[in-house]
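Working notes, beginning with the structure itself.
Throughout, read-outs are computed from the coordinates displayed, never taken from laboratory work. A quick note: this is a predicted structure, and the numbers were derived from the prediction, not measured. Using ideal geometry, Cβ is built from the backbone for each residue, glycine included, and neighbour counts are taken over all protein chains shown.
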């Protein structure tokens, strides 16, 4: 998430932000967590979610897919829009990382260990806390 927010804050030039990480400590996660999860709420609010409004530009989180692979690697991909007056620009982001599972608790590392998040899952719902934001994903 830090990658998303840092990228969003400096990406007004609308270039692609891609962070990758070489898997260093992958573990085999439980089969019931592997798959694609869609972001549904941020801090209890549905998407699109307004991240910030600065100097007349509004930044909104439009969508995100969180892909959890059976080798412990993960990919976040989604879209953020920037609106200034009548002009709307959309930026896609992509961030690779790893995750580990202990029971129903999950720890994520993104962007080469530069950012992390924690969470838990039960059934088709995954909760993540990242940079003070409460995120809820549903299995696709």
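Return the whole-Å distance between the Cα centroid of region 51-116 and the Cα centroid of region 121-140.
13 Å
Give me the number: length gained by fully extending residue 105 to residue 131, i.e. 0.36 nm times residue separation minus the C-alpha to C-alpha distance, one decimal in nm.
So the chain would gain 7.6 nm between residue 105 and residue 131.
Can you give the FRET efficiency for residue 94 and residue 54, using 1/(1 + (r/R0)^6), R0 = 22 Å, r = Cβ-Cβ distance, to the nearest 0.05?
It comes to 0.40.
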